[in-house]
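Below is one structure, written out as C-alpha cells; comments come after it.
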Amino acid sequence: MSRVTEIRYVGYATPDFEAERAFYVDQWGLEPVPSSDGMAYFKAKGAPEHHVVRLRKDPAKRVDVIALAADRRTDVDALHDRVAANGGKVVHAPQELTSPGGGYGFRFFSPDGLPFEISSDVASGPTASIARWDGVPVKISHIVMHSPDHKALTQWFIDVLGFRLSDWIGDFM
C-alpha cells in the first residue's frame, strides 16, 4: 500500500514575519534558504529537504500547509485517489510543483479542514553531519494536530495515508 513516508516541511502564515524568522534561526538553529518570492525558507542542517519550515507574512496566524513525502509518483497518484475517495477535499490533482525544490504532488484538505501537500521527486539539498549534542533539529519528525473528532481523524490518517500510531496521550487532544 502506498503511504506517506515523512514530513517534508510545515508552512506558516504569520503577522510578525521578522520575529518568526529570528525565532527559527536564533532559537531553533535552522539555516535560511535564499528565496525571491517574498517568503522565508529554513533548512535543517541534517535534512536533505530543501526546507523544513516556510514562512509567509499575513495578518492572520495559521498553518498554510503540512507537506508530506511519498516515495514515488505512483505513490502520490495512489494517495491522491484514496484522499479523494475518503472525504478529503482535493485542491489540485497531482502535477509538477513550482515551489522551491519542485517535485510532483497534490494538495488537499483533510476531512477536518487541515491543509496538506503530498509529493515525491523533490530536489534534495546538501546535508551536514550533526553531532549528538549539537542541539539543532535534524528534521521535522512530528506535528501535533487538533480535531473535533481526534479518534476518527487518527483512523483516517492510518487508513488513507498509511500513518502508524506510535503513542497515545489520551482522549483530550
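Couple of notes before you dig in:
- Low-density loop positions, trypsin sites (Lys or Arg not before Pro), the stretch 92-173 - DSSP coil, at most 11 other Cβ in 10 Å: ARG132, ARG164
- Placing unit charges on the Cβ atoms only, positive for Lys and Arg and negative for Asp and Glu, gives the chain a dipole magnitude near 80 debye about its Cα centre.
- The chain: most fluctuating residue of ALA78, ALA128, ALA47 per GNM, C-alpha cutoff 10 Å: ALA128
- Estimated inter-spin distance, ASP58 and VAL90, nm [label 7 Å along Cα→Cβ]: 2.3
- Between the stretch 66-144 and the stretch 1-50, the Cα center-to-center distance that results, in Å: 14
- A run of the chain free of exposed loop cleavage sites, with chymotrypsin sites (Phe, Trp or Tyr not before Pro) counted only in DSSP states other than H, G, I, E and B and at most 13 other beta carbons within 10 Å, reaches its longest extent at 1-132.
- Amide H contacts of VAL52 (H built 1.01 Å from N, in plane; Pro and chain starts excluded): PHE42, LYS43, ALA44 sit under 5 Å, all sequence-distant by 5 or more or on other chains.
- Mean separation of Cα pairs under 8 Å and 6 or more residues apart, divided by the residue count, gives the stretch 1-68 a relative contact order of 48 percent.
- Contour minus Cα-Cα distance for ALA152 and THR127 (0.36 nm per residue): 5.3 nm
- Of the trypsin sites (Lys or Arg not before Pro) in the stretch 2-68, the ones in a loop by DSSP (not H, G, I, E or B) with at most 14 other beta carbons within 10 Å are LYS61.
Rule-based calculations on the coordinates, nothing more; no lab input. Not measured: the values here are computed from a predicted model. Heads up, the Cβs are rebuilt from the backbone with ideal geometry, glycines too, and the neighbour counts pull from every protein chain shown.
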